[in-house]
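My structure is below; once you've seen it, I'll send some questions.
The values are calculated or read from the model by the stated rules, or taken from the named source; none is laboratory data. These numbers were taken from a predicted model, which means no experiment stands behind them. Every residue, glycine as well, gets a Cβ built from its backbone with ideal geometry; the counts of neighbours run over all protein chains shown.
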Amino acid sequence: MRKAVDSSMVYPPRHIRSLATVVAVTSLLAVAAAPARPSDPPPLMAPASRVESGPLSPKTAVTPLTINVASELPRAESPLELLPTTAARTRFPWRNLEGKFWQVVAQTTPEDPAVTDLREGTRGACGVGMVEVKGRMKDDAGDWFGVDGLQQLTCKKWISREWPERCGEYDRDAWLEKSKAMKTMPMHFCIDRFEYPNRLGANPIVLVDWNEANALCKRDNKRLCTEDEWTFACEGEEAQPYPQGYAREDVCVNDRQWREFKQFGRRDGEATMLELDRLWQGEPSGSKPRCKSPFGVYDMTGNIDEWTRSSRPNERPSVLKGGYWGPVRTRCRPATKAHGETHVFYQEGLRCCADGPSP
């Protein structure tokens, strides 16, 4: 099975004090190479504070202001620190969190997860806002061709055979026949129903690296999902290619026109906010009600890429799953394994998991 990789790389964001005062940006990031075609997004040079280093242009530093966290963020023991922002000069009202992450402020109050739990009925014995996932996963570990490669043999309607390949519809009967003898393994765990901060109606946070994703989950007494957990929660026991089934219908936030990135500034700077605003095509969690897996987990493909922990030995631990809003693979099985733990980009976020309840 060929390894699924993309070509995105690193960057940073901003904050401003009022509608009248523009925050100066501390440093600008140089673009390493201009992409030739849409794919999982192309590379940027990393900020100097990262493992990778790039040329920086120093500017005036500004001490961030902080305010209390509002309703969009999870009620964790240590809530995210918020840096005030403004919608002036942007398409969306952005805010910066802890001087690192960015989030579009929701236009309506996100729903209390306990209310969502009651309506969805998929929480099981898991914590508030989570979905209990239990069953047997088709196991392709050690198989060179793998589930994704085998599934492509059953595609009956191609959108594009070129990288990143996209199939419009798979033949379910053909897939079930091809996969019926495949070995399986038991799975039992809990997973967030939505992308972090895991609230219906809240926009997912982005510009998160793998280490930070781990820390955010730990802060909520959870952990980052493993690659296999994420995959099984997306595809179910049939190992269907898309969370919604076998057809790439317009039910998830994907296949939107790719926009070439230009230049980012300091991670909490205005230049980064403006570039994020230009690129952003994501939507609030749960805004596509049919983008739901067999277990009842939402937005697993499209919208934003999600960090997971590798399930394969001797691989780097940082694995991205799900794809984002652009014209990329956005299927349950593919994974992006090209980036290290300090890599951040405009479409990268997370979702948390927890161990399954004891019998």
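Please verify whether ARG333 is out of contact with any strand residue (DSSP E or B) (no Cβ under 7 Å at 6 or more places or on another chain), crowded, with 18+ Cβ neighbours inside 10 Å and assigned to a loop (DSSP other than H, G, I, E, B), treating the condition exactly as stated. So that I can check it myself, show each step before the final result.
Working: out of contact with any strand residue (DSSP E or B) (no Cβ under 7 Å at 6 or more places or on another chain): yes; crowded, with 18+ Cβ neighbours inside 10 Å: yes; assigned to a loop (DSSP other than H, G, I, E, B): yes.
Yes: the conditions hold for ARG333.
What is the residue count in region 145-173 for residues that are over 25 Å from the mean Cα position of the chain (by Cα) and among the acidic types (Asp, Glu)?
2
Here's a follow-up. Just the residues that are among the aliphatic types (A, V, I, L, M) and at pLDDT below 90, please, taken from region 130-164. It would help to see each step written out before you state the result.
Kept after step one, since they are among the aliphatic types (A, V, I, L, M), are these residues of region 130-164: 130-131, 133, 137, 141, 147, 150, 153, 159.
Across region 130-164, the qualifying residue is only ALA141.
I'd like the full set of residues that are touching a strand residue (DSSP E or B) at 6+ places or on another chain (Cβ under 8 Å) and either part of a helix (DSSP H, G or I) or surrounded by fewer than 20 Cβ atoms within 10 Å (Cβ to Cβ) (or both), limited to region 276-288.
Answer for region 276-288, where residues must be touching a strand residue (DSSP E or B) at 6+ places or on another chain (Cβ under 8 Å) and either part of a helix (DSSP H, G or I) or surrounded by fewer than 20 Cβ atoms within 10 Å (Cβ to Cβ) (or both): LEU276, ASP277, LYS288.
Next question. Kindly establish whether THR330 is at positive phi and in contact (Cβ under 8 Å) with a residue 24 or more places away in the chain.
Numbers: at positive phi: yes; in contact (Cβ under 8 Å) with a residue 24 or more places away in the chain: yes.
Against the criterion (at positive phi and in contact (Cβ under 8 Å) with a residue 24 or more places away in the chain), THR330 qualifies.
Also, I was wondering about something else. If THR184 satisfies all but one of (1) without any contact (Cβ under 8 Å) to a residue 60 or more places away in the chain; (2) crowded, with 21+ Cβ neighbours inside 10 Å; (3) hydroxyl-bearing (Ser, Thr, Tyr), what's the number of the condition it fails?
For THR184, the failing item is (2).
Considering only region 307-326, I want to know if a residue exists there that is more than 30 Å from PHE145 (Cα to Cα), touching a residue at least 60 places away in the same chain (Cβ under 8 Å) and touching an Asp or Glu at 6+ places or on another chain (Cβ under 7 Å).
No, the conditions are met nowhere in region 307-326.
Determine which single condition PRO204 fails, assuming it passes every other condition in (1) at pLDDT 95 or above; (2) within 23 Å of VAL251 (Cα to Cα); (3) out of contact with any Asp or Glu (no Cβ under 6 Å at 6 or more places or on another chain).
PRO204 satisfies all of (1) at pLDDT 95 or above; (2) within 23 Å of VAL251 (Cα to Cα); (3) out of contact with any Asp or Glu (no Cβ under 6 Å at 6 or more places or on another chain) except (3).
Do you know which of the residues in region 251-275 that are assigned to a loop (DSSP other than H, G, I, E, B) and polar (S, T, N, Q) is farthest from the chain's Cα centre (by Cα)?
GLN263
So, one more: Residues that are touching a helix residue (DSSP H, G or I) at 6+ places or on another chain (Cβ under 9 Å), at least 2 per element: which helices (runs of 4 or more DSSP H) completely within region 98-188 meet that?
Ranges flagged: 146-152, 172-179.
Can you work out which of the residues in region 221-262 that are without any contact (Cβ under 8 Å) to a residue 60 or more places away in the chain and touching a Cys at 6+ places or on another chain (Cβ under 9 Å) is nearest to ARG309 (Cα to Cα)?
Applying the filter and picking the extreme gives GLN244.
If you check GLY302 against the conditions, is it touching a Cys at 6+ places or on another chain (Cβ under 7 Å), of a type outside the set (S, T, N, Q) and within 21 Å of ARG166 (Cβ to Cβ)?
The answer is yes for GLY302.
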